[in-house]
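Participant: Starting off with a structure, shown below.
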Amino acid sequence: MATDKEQLVGTEIAINKQRKIIKAVNVSIAVDKQKEQQLILQQLCVLEEQKSLKLLHSLRRLHADTLQLAENLLTNSIICERFNNADQNIVEATMEQIRSRHANTVEDLAEVVVALRKVSDVTDVHKDNDEHQHKKLLLLVESFLHGRCSIQLLCDHYVGFCKGRPHGEVSANVNLWEVAHEASLEAQYVCDANLGMAPEVIVQGERNNVPLMHLIRPWVHHSLVEMCKNAMASSVEKSKIDTPPIQLHIAHNSDQRTTTIQVIDQGIGLNDHSRGKAFTFAETSHARRWDRLLEQQSYAPVREPLASLGVGLPFSRALMQIFGGDVTLTENSNAPGCTATLLISTDPTVLEKEASMASPGTNILNNQRNLI
């Protein structure tokens with residue numbers, strides 16, 4: 001008959017066996033779960049890749065159709081030689097059609113870039129070559145945006161002439177103080193609609209003391225709205241009570257033939273992430289990407305997004321750089337917050353900046369698999 005000690009030893013051995021069995025089962029379950037997660041991630045990669053390919057093919061077809069439309073007009077000798085009122089109406093309608101068809105290309109490109117990043121993050125392909133792939137993607141995006149802006153400007157320029165504007169899309173003798181004031185009002189409206197409040201904006205200087213200048217007003221307006229929106233969101237995030245006003249400073253440098261507009265806030269400032277990602281296309285810290293259809297599923301007025309797609313500052317910089325300008329972002333040295341600076345070239349001899357790559361739609365499509 002077994003003693004108490006032998007019984008205890010036997011029980012301990014049985015318990016150890018059960019523990020080993022449970023451990024083996026848990027390991028097996030963990031491995032299965034890991035394989036299942038990897039399979040799900042691979043399936044997501046396939047879906048994201050298919051999505052990006054579909055959007056890229058759509059963008060490529062759009063640009064090919066645009067080129068074909070332009071070639072059809074330029075090679076039509078009858079229209080070019082005759083160019084009566086009916087022909088002018090045809091060309092104007094074609095330009096408006098092209099402009100309308102390109103209205104959502106920036107948002108579509110943002111979706112493509114986001115999908116490519118997701119695939120790259122999941123698969124970790126080319127992990128040791130991330131910097132090279134990142135630069136390659138930036139060049140492709142820069143080339144695409146340049147082409148899109150040039151198409152928009154050409155169409156708007158011609159349509160402007162047809163509608164009786166003597167300088168087309170170029171606005172002559174513009175008071176920059178008024179442009180800054182209008183942009184700040186729009187940004188305040190967007191901020192108030194999304195956050196329920198908006199900081200005060202003070203445009204420094206006298207309205208009548210600002211020199212008149214020539215510029216592409218919609219581009220400057222768009223860039224200033226984006227800069228003001230960011231400044232307001234940062235200020236409200238830091239302080240919802242007694243939020244400090246946003247300061248807009250306008251300065252002219254006749255020697256360098258430049259004009260700058262500084263948007264100065266006292267918000268949360270730049271952290272390491274925002275400093276490196278502020279001008280990265282389709283990079284956003286917003287929790288949910290804005291969706292117009294979702295926004296329309298209520299009786300409230302449709303609000304323009306305060307932040308979502310991550311294209312505001314990058315696209316603004318792309319617009320301004322085409323004719324020698326720029327958009328920069330720096331931390332305030334003697335106060336909290338940061339300063340966004342819009343640089344406008346006033347050099348009358350400045351030429352359009354050449355795109356970094358030709359045929360943006362084709363290049364993006366041909367290289368997209370290398371980017372994944």
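Participant: Based on the mean of other Cβ atoms within 10 Å per residue, sort peptides 58-70, 316-328 so the most packed one is first.
Facilitator: Descending packing order for the listed peptides: 316-328, 58-70.
Participant: Can I ask one more? To the nearest Å, what is the center-to-center distance of the stretch 238-269 and the stretch 160-190, using C-alpha atoms only?
Facilitator: 20
Laboratory data are not the source of any read-out in this text; all were calculated from the coordinates shown. Computed from a prediction, not measured in an experiment: that's the story for all the values here. Quick reminder, even Gly has a Cβ in these numbers, built from the backbone with ideal geometry, and neighbours come from all protein chains shown.
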